[in-house]
Amino acid sequence: MTVLITGGCGFIGSNLAIMLKQQYPKYTVLALDNLKRKGSELNMPRLSEHGVQFTHGDIRNAEDLVFDQPIDFIIDAAAEPSVSAGLGAVPAYVINTNLVGSINTLEVAVRHQAKLIFLSTSRVYPIEYLEKIAYAEGDTRFELLPQQSLPGVSRNGIAENFPLDKARSIYGATKLASEILADEFRVFFNMGCVINRCGVVAGPHQMGKIDQGVIALWVARHYWKKDIAYFGYGGQGKQVRDVLHILDLFDLIDYQLHNFEKVNGQVFNAGGGTFSNVSLKELTGMCNQILGNSVGEVRVAESRRGDIPLYITDNAKVKGCTGWQPKRDAHDIVHDIFNWIRENEKMLKPILDV
Ligand SMILES: NC(=O)c1ccc[n+]([C@@H]2O[C@H](COP(=O)([O-])OP(=O)(O)OC[C@H]3O[C@@H](n4cnc5c(N)ncnc54)[C@H](O)[C@@H]3O)[C@@H](O)[C@H]2O)c1
């Protein structure tokens, strides 16, 4: 079995590559990355220690995606993953990587008759509809109300039939457009494909920064005693996200790789769901407790572009189809990131202590 992981030096790609090699030492795992993400280069020694083959390449260039050996599976984890990226003046990188690069990757899959596991995002769902979800304001968080007017949302979270017909950010649009093309390739070029729309994924080896990787960013801020900031929604930090431990994502991908016929053609919402979710304010509390540090809190009333009050995945479809459900919660994630930073403090300081 040969698995190509694009974005293989990134947070998700490198973790999946290494876990695959640990679980299945006989598999050939290829990690392709252009090292665009600051800190992704730190994952290169880890990959080689675990026998993952690294290829320096850019998915925007079809010439970089020429492989001599057969490829059985492609896990598409190369992207500019920030929701705010591309909302400024120049969206070219987001579009060229997340959409053109995805198309190049689909063509590799067809050429090699490889099956594709596409990492998509909850951000395919339109901002205007996510803002219309009915929620109550509790002491520490926004909470989903049982009565909802939109389809695809209930107290169990957001399901795959949530409406899709309005704007969602350039990031979300490139991911949805890639999903649509992947399905076209599945139907017309007979390419196997499964799509996972994840909420926040977090854990060790995530190079958290202000616009992406909030859990790692929060832990790093507490570790190096730097202020944190609550933006928008009154500056209270009550925005909620579900958070999926990278080990739980691996369990799902592992299932999909080895039971592909059961998931081919499916689109799944997959996240921490009602089991693992946290508001920023609660995340601060967890960091205080686990790291034993508290830091200054800055409150900025103005919202950030693309922000939403809450997102919780309804995992019913993926659980029904695969039996998968997350087992590690937000507390486990903060704990594991803290240990990772503590054990690699010197190496991580230039990247995470900003
Ligand atoms: N982390 C999350 O919370 C999350 C949630 C939902 C979906 N996703 C999706 O999962 C995938 C992986 O995200 P991540 O969190 O690991 O991000 P990441 O930034 O850590 O990893 C992405 C990797 O892709 C590489 N890359 C960027 N542009 C490239 C290009 N043109 N060619 C080759 N490599 C390129 C980067 O250098 C980086 O190593 C993305 O598709 C993202 O949309 C992530």
Problem set entry | Residue satisfying all of: in the stretch 74-101; near the ligand (Cβ under 9 Å from one of its atoms) and among the hydroxyl-bearing types (Ser, Thr, Tyr); surrounded by the fewest Cβ atoms within 10 Å (Cβ to Cβ) among these | 93
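Among the candidates 106, 181, 176, single out the residue that is within 27 Å of residue 257 (Cα to Cα), assigned to a helix (DSSP H, G or I) and open to solvent by 30 Å² or more (accessible area, probe 1.4 Å). It would help to see each step written out before you state the result.
On the way: 106 fails: open to solvent by 30 Å² or more (accessible area, probe 1.4 Å); 176 fails: open to solvent by 30 Å² or more (accessible area, probe 1.4 Å).
After ruling out the rest, the residue left standing is 181.
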Problem set entry | Within the stretch 57-73, tally of residues that are among the acidic types (Asp, Glu), near the ligand (Cβ under 8 Å from one of its atoms) and in contact (Cβ under 8 Å) with a residue 40 or more places away in the chain | 1
For this session: Considering only the stretch 184-201, state which residues are open to solvent by 10 Å² or more (accessible area, probe 1.4 Å) and among the polar types (S, T, N, Q).
Result: 190
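With 35, 42 as the choices, which residue is open to solvent by 10 Å² or more (accessible area, probe 1.4 Å), in contact (Cβ under 8 Å) with a residue 60 or more places away in the chain and among the aliphatic types (A, V, I, L, M)? Walk me through it before giving the result.
On the way: 35 fails: in contact (Cβ under 8 Å) with a residue 60 or more places away in the chain.
Selected residue: 42, the only one of 35, 42 that is open to solvent by 10 Å² or more (accessible area, probe 1.4 Å), in contact (Cβ under 8 Å) with a residue 60 or more places away in the chain and among the aliphatic types (A, V, I, L, M).
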Problem set entry | residue 173 farther than 20 Å from residue 83 by Cβ, within 20 Å of the chain's Cα centre (by Cα) and within 16 Å of the ligand (Cβ to nearest atom) | no
For this session: Among the residues of the stretch 34-65, write down those that are outside any loop (DSSP other than H, G, I, E, B), within 22 Å of residue 2 (Cα to Cα) and hydrophobic (A, V, I, L, M, F, W, C).
Result: 44, 47, 54, 62, 65
For this session: Just give me the residues in the stretch 308-323 being in a loop (DSSP other than H, G, I, E, B), touching an Asp or Glu at 6+ places or on another chain (Cβ under 7 Å) and under 16 Å from residue 197 (Cα atoms), in sequence order.
Result: 312
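The values are calculated or read from the model by the stated rules, or taken from the named source; none is laboratory data. Treat the numbers as computed from the prediction; the structure is a model and nothing was measured. In this analysis, Cβ positions are derived from the backbone assuming ideal geometry, glycine residues included, and neighbour counts consider all displayed protein chains. Ligands, DNA and RNA are excluded from the accessible area calculation, which covers all protein heavy atoms including side chains. Shrake-Rupley method; radii C 1.70, N 1.55, O 1.52, S 1.80 Å.
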